[in-house]
Amino acid sequence: KTGYKGDGKSCVNIDDCAPKPCLNGGICSDGVAKFTCKCPDKFFGATCAHELRVNTLTDEQDGSLTDGDVSLRDAIASAAPGTTIPFHASLAGKTIGLTLGTLVLSKDVVIDGGSLNVTVSGLTKVCVFVVAGGAKVTLKNITVKDGYARGKAGKPATTHNHGGGGGGAGMGGGLHVY
């Protein structure tokens, strides 16, 4: 029988936790012909192989990485350099509205909406993303909209102050890199 070994007269449960299937500090629990991993807060999946996943539309920064309470802002703040930040399927076709201000990306990160058609909106009040400090940022499969563009001297972008609708000499409403 799977999960056991023996000579036909006696059986011994195989240690399904050998050789350590749980990754990233996950703790393995041996079962009958299976194992389960208890993952640290930043990881998920059967073997804790996946990084954190955004799973709420709420724009919050409470530091919580528990299931159902990982905001995009918390994921960005908690992500190690080089991390890919995905989104939970429950966010498909939905919009994250930034009520706490611009999302500042100051470390190398990939934000990947996958096939979910996720949108991040500045609600016409803030620039959506600012890339700072030479960070290498990739935005994949994500829609950025309704960012507030600032022209010269921080004034709203108009043809009068040459903000260029968020480009040119002004600060971009969707994405600003400095």
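Read-outs throughout are calculated quantities, based only on the coordinates presented, and are distinct from any laboratory measurement. Nothing here was measured: the structure is a model prediction, and the numbers come from that model. Note that we place each Cβ from the backbone using ideal geometry, even for glycine, and neighbour counts take in every protein chain shown.
Loop-located trypsin sites (Lys or Arg not before Pro) in the stretch 46-106 (DSSP state not H, G, I, E or B) with no more than 14 neighbouring Cβ atoms inside 10 Å: LYS94.
A straight chain from LYS140 to ALA89 at 0.36 nm per residue would run longer than the Cα-Cα distance by 16.8 nm. For LYS34, the aspartates and glutamates whose Cα falls under 16 Å of its own Cα, not counting residues fewer than eight places away in the same chain, are ASP15, ASP16. Taking each of LYS20/LYS107; LYS38/LYS94; LYS107/LYS145; LYS107/LYS140 in turn, the alpha-carbon distance tops 27 angstrom for LYS20/LYS107; LYS38/LYS94. The calculated FRET efficiency for the pair SER115 and ASP30, based on their C-beta separation and a Förster distance of 30 Å, comes to about 0.25.
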